[in-house]
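Working notes, structure below.
The values are calculated or read from the model by the stated rules, or taken from the named source; none is laboratory data. For clarity, every value in this text was computed on a predicted model and none was experimentally measured. Because the Cβ atoms are built from the backbone with ideal geometry, glycine has one as well, and the counts that use them run over all protein chains shown.
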């Protein structure tokens, strides 16, 4: 079996480090030939001749150019960057048609969806559902949310992730992003994509068929499992923790997210459902700004949703729906960040 030559973009982050564990577990099948961090020439790494598969794990919009360049160069892409599809899903889908061998999702939910949908006629799918842990504040009284600290927000109850994604999990921005990803990866309209709170993070996604039966994927909350599946594109022995079905296991589903607890979730999905990609670019830029300010103590937790609303309003297009080019995406992103950094923008 041929060895897959791998480029890891974002090699020092949580996903990059866990990917290296997977590579070490399969030295006969995987070899890292290129690795870089945010700020390196990621496009050059992604299009190098000695690369077959590009793992895009750089945070934010920084991963978009490398993803597009890799696909245009005929590479396979294992995608662990949510913002790539949030702001540029239309460009990515045009190049590869969505999830598959050329575009391999690393999010545990989308890896789970891929497995649940294997061999299923798309016309027989009634609805897909993503699960959300609810983050560290799912049981906190609503009147205490506005005053939570960065230290508390970074204590995720089930997943081991970087600070940006961990805060996005606390606000459920990450889950709204995953709804958008599912739309582009699987071609499912937003009205047929649901989200339910599932604190145990053992069920990662569910697919309801037209007859009412439901297919679910279960696994321990260990990112090495979806990372390995994306890199090998098949099931194989893994360093990830195994789910022990002989021990007592309680699985809870608490219904859809309460938008009073997760207002940022509602802001992102409202922008997505509007069909205005420009508004989503503004939301993505605003989220990076807001999370950075929150972690530095400049913005209260309760002010994050307000910054996202401003980002959407700043970037919203006059035509309400024309899909921007790659250059336009970057221009809109820069303009939104500049506007949000203006001293006149209140910090919430």
| task | Pairs only if they're at least six apart or on different chains, beta carbon under 9 angstrom, first in the stretch 236-257 and without any contact (Cβ under 8 Å) to a residue 40 or more places away in the chain, second surrounded by fewer than 10 Cβ atoms within 10 Å (Cβ to Cβ) and assigned to a loop (DSSP other than H, G, I, E, B); list them, first residue then second. | result | none
| said: If I go through the stretch 89-128 residue by residue, how many of them are outside any helix (DSSP H, G or I) and in contact with a helix residue (DSSP H, G or I) (Cβ under 9 Å, 6 or more places away or on another chain)? | reply: 13
| Given 302, 348, which one is in a helix (DSSP H, G or I), out of contact with any strand residue (DSSP E or B) (no Cβ under 6 Å at 6 or more places or on another chain), more than 26 Å from residue 184 (Cβ to Cβ) and at pLDDT below 95? | 302
| field | Matching option when the condition is crowded, with 21+ Cβ neighbours inside 10 Å and either within 26 Å of residue 289 (Cβ to Cβ) or assigned by TED's automatic domain parsing to the domain that holds residue 87 (or both), among 35, 48, 57 | value | 57
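Quick grid of which residues meet (1) modelled with pLDDT under 90; (2) within 24 Å of residue 83 (Cα to Cα):
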site: 111; (1), (2): no, yes
site: 120; (1), (2): no, no
site: 128; (1), (2): no, yes
site: 161; (1), (2): yes, yes
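For (1) touching a strand residue (DSSP E or B) at 6+ places or on another chain (Cβ under 6 Å); (2) assigned by TED's automatic domain parsing to the domain that holds residue 90; (3) at pLDDT 95 or above; (4) in a helix (DSSP H, G or I), each residue gets a yes or a no:
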position	(1), (2), (3), (4)
152	no, no, no, yes
158	no, no, no, no
169	no, no, no, yes
207	yes, no, yes, no
211	no, no, yes, no
| remark: If you go through 288, 292, the only one that is closer than 18 Å to residue 164 by Cα and surrounded by fewer than 20 Cβ atoms within 10 Å (Cβ to Cβ) is 292
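Yes/no matrix, rows are residues, columns are (1) assigned to a loop (DSSP other than H, G, I, E, B); (2) touching a strand residue (DSSP E or B) at 6+ places or on another chain (Cβ under 8 Å); (3) at pLDDT below 95; (4) under 28 Å from residue 115 (Cα atoms):
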position: 235; (1), (2), (3), (4): yes, no, no, yes
position: 241; (1), (2), (3), (4): yes, no, yes, yes
position: 250; (1), (2), (3), (4): yes, no, yes, yes
position: 272; (1), (2), (3), (4): no, no, no, yes
position: 282; (1), (2), (3), (4): no, no, no, no
position: 286; (1), (2), (3), (4): no, no, no, no
position: 297; (1), (2), (3), (4): yes, no, yes, no
position: 306; (1), (2), (3), (4): no, no, no, no
| message | Name the residue that is farthest from residue 86 (Cα to Cα), counting only residues in the stretch 38-70 that are touching a residue at least 40 places away in the same chain (Cβ under 8 Å) and out of contact with any helix residue (DSSP H, G or I) (no Cβ under 9 Å at 6 or more places or on another chain). | response | 50
